[in-house]
Amino acid sequence: MRNLIILPIFLAVVLAACKNDDDNSSPYSEVTINMESNQGSDVYYSMANGEVNTVDRNEWDIAFSVPLQAATILINEGKGLELYCVGDTNAWASVDANSINGLKPRYNNKTDWTIGAFNLNAAAWPNYGWGTYHQGNPDYNVGGDSMYIIKFPDNSLKKLMIRAKLGANSGNIIRTADIDDSNEFVDTLSTAPYNDLKNFIHYSLTTHQAVEAEPNMDEWDLLFTRYVEMVPGPGSILMPYPVTGVLINPNVTVAKVVGVAAEQAVETQSVNGYVSTTDVIGYDWKVFDQQSQTYFITDNLSYFVKSVDGKKYQLYFTGYDGITAGTMTIKVKTVE
């Protein structure tokens, strides 16, 4: 009788040990990304080192490209800001709250970091949308030629113009005021301290201070954030809608594999190969079911990432807790 009792116990121990071995043999690590309550924070993530920085999205309003030969300006659409172009800089004294009537807000291009909301009306070079590069000038400056109004989530309005991007001196001159001309402010934001370090330096129109949201460009791969996407509305009309998604570092490429279980997927199964499209991961790794009011993770979808550290990684999503909780779960492995 004693042997009959010991044998099942022995088998149970062996099976438990085998189960532990199986669990530990998985090449994937599970990671929870926390964008905090109501997804109010942006999370910069390194495939090699995990979370690098978390920043309150409400701290900044616009962002300027740092590289000397770039003149990109972004709007913080994830905060709920709307940008309207209301004419040229000669309109500074005449614009008012009615100036945005009938105009559509401008948002950042999601496929290319170099095309911010301020750049959307750019003509051929040397025009950057908000301003024009003056050929032959020894300082490599871009002079501002467009007038804008920014609408905040509380419906307050500010008018602004970018007076210049200082090429040789690495900076931007910004002129702002409330829509009634009060609180006018002219500021020079120096980007010189960030040359060769960052893609963008962020800026608050309230505090008139730089916000170092982005880590150094060689320290992060993915940005978990909120942004505006054009989605079909009533009558199939495209409407701006805030989504939660992932954007990639300009120095990163990603291969998207569809229709293959993540554990069996290989990078060569990607249709388009490795691309630098900013929203190649995007937001459609999840689907919202209207009937159950629940998010579901898209099946058989994974991403291979060529990181800033020169290595390759694979990731796929396993969970999303919605806007209120602000968390999502991914599995990550190094690709040999």
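Values for this structure:
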read-out: Positive-end residue, the chain charge dipole about Cα centroid, Cβ charges, pick of Gly129, Ile281, Gly116; value: Ile281
read-out: Sum of side-chain charges, Ser41 neighbourhood, beta-carbon under 12 Å (Lys, Arg +1; Asp, Glu -1); value: -2
read-out: Those lysines that a straight Cα-Cα span of less than 27 Å connects to Lys312, excepting residues fewer than 8 apart in one chain; value: Lys110, Lys198, Lys256, Lys286, Lys331, Lys333
read-out: Electrostatic dipole magnitude of the chain [Cβ: Lys, Arg +1; Asp, Glu -1; Cα centre; debye, to 20]; value: 480 debye
read-out: Relative packing of 214-223, 256-265, which averages over residues the other C-beta atoms within 10 Å, highest first; value: 214-223, 256-265
read-out: Alpha-carbon centroids, the stretch 213-278 and the stretch 46-92: separation in whole Å; value: 18 Å
read-out: Unit charges at the beta carbon, dipole of the chain: most positive-side option, Tyr316, Met328, Ser46; value: Tyr316
read-out: Qualifying aspartates and glutamates (Cα of each under 17 Å from Cα of Lys159; at least 8 residues distant if same chain); value: Asp61, Glu77, Glu82, Asp88, Asp96, Asp145, Asp178, Asp180, Asp181, Glu184, Asp187
read-out: Cα-centre dipole for the stretch 76-212 with unit charges at Cβ (Lys and Arg positive, Asp and Glu negative), debye to 20; value: 300 debye
read-out: Reach of Lys306 by Cα under 13 Å, taken over aspartates and glutamates that are not fewer than 8 positions away in the same chain; value: Asp218, Asp221, Glu267, Glu336
read-out: Highest-first arrangement of 150-161, 55-66, 302-313, where packing means the average Cβ count within 10 Å; value: 55-66, 302-313, 150-161
read-out: Percent RCO, i.e. relative contact order, over the stretch 220-261, from Cα pairs under 8 Å lying at least 6 residues apart; value: 40 percent
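Every read-out reported here was derived from the displayed coordinates using simple, explicitly stated rules and does not represent laboratory data. Source: prediction; values computed, not measured. Every residue, glycine as well, gets a Cβ built from its backbone with ideal geometry; the counts of neighbours run over all protein chains shown.
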